[in-house]
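S.K.: I have a structure here, written as structure tokens, and I will follow up with some questions on it.
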Amino acid sequence: MVERITATVETVRDLFETEWRSSAAVYLKDGIAPQPGTLFANPAMAETYARILSEAEAGGGSREAVIDRARAIWSKGWVAAAIDRYVHAEPMMDVSGRRHFGLLSAQDMAEWQPTYEDPTTYDYGRYRVCKAGPWSQGPALLQALAILDGIGVADMDPTGPDFVHAVTEAIKLAFADREAFYGDPEFVDVPMQALLSAGYNAERRRLIGDRASLDLRPGTVPGYERSLAAALGVDAGVDPRALERMGVGEPTVSKSGVVAGDTVHMDIIDRDGNMFSATPSGGWLQSSPIIPELGFCLGNRAQMFWLDESSPSALAPRKRPRTTLSPGFALRDGEPYMAFGTPGGDQQDQWALLLFLHHVDHGMNLQEAIDCPAFHSEHFPSSFWPRGRKPGRVVLESRFPAATIDALTARGHDLQLGDDWSEGRLTAAAKDGTMLKAAANPRGMQGYAVGR
């Protein structure tokens, strides 16, 4: 156990002890939270995975056949049945302050299966950057690259005001388009080709002036005029000072970047050069109660849906919520080169963008690129309730030079200074010829780079 896990359990102690008693049984044994430095065991979860593996392997056959059986046990067998029984057995307290039954059913699980998809990509110099499609926020990183392409990032001081200003303004434009256009492409026609085109991004690039922009400025794609009511009205009636107090954003990460527990990200390259990048999230221990039979709680990513029907991310049956989760890959000269990413809600594709630019344009190695002073924008609507935005807000680590901070303030940016090492949870792994390289974020003392 690390200290932050203990602290997270303590924040929900009262809820566990009075409402979510199945969670208390796992995380508050004898009324005591798991202590830092001790070993923690969750036998029910261990037994769940051991049983799945045992039953899947019992049928024999190829590796693929065993995996297919394991997936069927999960989505169509006793795991799905246990989830169905639990969420419909009794109402549970949720963030509304009232008790509700769960919505997920065994039938839901049985009727949905994951699929293979081609990535959305953008070519930046020698590199092809690959992200998930517009059912995620991933293409916003690609759009930011397209806006910055040719602007001279390589000649900018990575801790200077010109770099912070240009990247921040590009992020604002890219994420405004996220609000206007992104949604599950199985349900919404997203003009991704136009959004990544040279002509469109030349127009977007011209919007970057000497001063910080304060408006939300999505672009216009002919034939795709959509209402921005959901995006433009999110902070109406919400006092920005109240948003600060509420710590809105991903439930585990405050807007200043301080972590109370977090999403997970991992990047792996094996000896054969196979690359893996994943950002598992949503099943936080404080998100929903433990299912006793299984030892884990349910994810809560449905919170990402909008209830405004004009939004491309509006709630609909069988539709994927527009997720902030955003693993990434990069090819160099056509060859697989790097897997990279980070936890952090809306900050994920901002921090990952900085890593990429520092590595590619500023010549930093992976660890230097991660360690470089970082920042993020809160200008656009949050993906999380209550959807607030803070026009012009940029959160920077205090390690930035005073001259940079003064220059950005003079340009009209609303600066909030965080701790020296408060931005990002990045990891990266790269294959450089026969050499495998990896780096991880020292911030939060929870990241590791390991080679074997």
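S.K.: Which residues, taken from segment 364-422, are over 24 Å from LEU325 (Cβ atoms), part of a loop (DSSP other than H, G, I, E, B) and aliphatic (A, V, I, L, M)?
M.R.: Within segment 364-422, MET364 is the sole residue that qualifies.
S.K.: Kindly provide the set of residues from segment 1-17 that are under 24 Å from VAL87 (Cβ atoms), in a helix (DSSP H, G or I) and in contact (Cβ under 8 Å) with a residue 24 or more places away in the chain, ordered by number.
M.R.: THR8, VAL9, THR11, LEU15
S.K.: Please specify each residue of segment 23-75 satisfying the condition of being out of contact with any Phe, Trp or Tyr (no Cβ under 6 Å at 6 or more places or on another chain), under 24 Å from SER288 (Cα atoms) and not in a helix (DSSP H, G or I).
M.R.: ILE32, ALA33, GLN35, PRO36, LEU39, PHE40, ALA41, ASN42
Residue-by-condition table, conditions (1) crowded, with 22+ Cβ neighbours inside 10 Å; (2) out of contact with any Lys or Arg (no Cβ under 6 Å at 6 or more places or on another chain); (3) assigned by TED's automatic domain parsing to the domain that holds LEU408; (4) β-branched (Val, Ile, Thr):
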position	(1), (2), (3), (4)
TRP351	yes, yes, yes, no
LEU355	yes, yes, yes, no
HIS359	yes, yes, yes, no
HIS362	no, yes, yes, no
PRO373	no, no, yes, no
HIS379	yes, no, yes, no
GLY388	yes, yes, yes, no
PRO391	no, yes, yes, no
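S.K.: What are the residues in segment 343-361 that are under 13 Å from the mean Cα position of the chain (by Cα) and of a type in the set (Phe, Trp, Tyr), if any?
M.R.: Answer for segment 343-361, where residues must be under 13 Å from the mean Cα position of the chain (by Cα) and of a type in the set (Phe, Trp, Tyr): just TRP351.
S.K.: Scan segment 35-51 and report the pairs whose first residue is assigned by TED's automatic domain parsing to the domain that holds ILE83 and whose second residue is part of a helix (DSSP H, G or I) and modelled with pLDDT under 95, with Cβ atoms within less than 9 Å and a gap of 6+ or a chain change.
M.R.: From segment 35-51, the pairs are GLN35/THR6; PRO36/GLU3; PRO36/ARG4; PRO36/ILE5; PRO36/THR6; GLY37/GLU3; PHE40/ILE5.
S.K.: Can I ask one more? Looking for whichever is of a type in the set (Asp, Glu), exposed (fewer than 14 other Cβ atoms within 10 Å of the Cβ) and modelled with pLDDT of 50 or more here; the options are ASP210, ASP239. Which one fits?
M.R.: Only one candidate qualifies: ASP210.
S.K.: Here's another thing I want to ask about it. So how many residues does segment 321-340 have that are assigned to a strand (DSSP E or B) and either outside the structural domain of GLY183 (by TED's automatic domain parsing) or over 14 Å from ILE269 (Cα atoms) (or both)?
M.R.: 2
S.K.: Tell me the residue from SER281, SER277 that is surrounded by 17 or more Cβ atoms within 10 Å (Cβ to Cβ), at pLDDT 90 or above and either in contact with a Lys or Arg (Cβ under 9 Å, 6 or more places away or on another chain) or assigned to a strand (DSSP E or B) (or both), please.
M.R.: Step by step, each of SER281, SER277 is checked, and only SER277 is surrounded by 17 or more Cβ atoms within 10 Å (Cβ to Cβ), at pLDDT 90 or above and either in contact with a Lys or Arg (Cβ under 9 Å, 6 or more places away or on another chain) or assigned to a strand (DSSP E or B) (or both).
The values are calculated or read from the model by the stated rules, or taken from the named source; none is laboratory data. Given the structure is predicted, the values throughout are model-derived calculations rather than measurements. Reconstructed Cβ throughout: ideal geometry from the backbone, glycine too, with neighbour counts over all protein chains shown.
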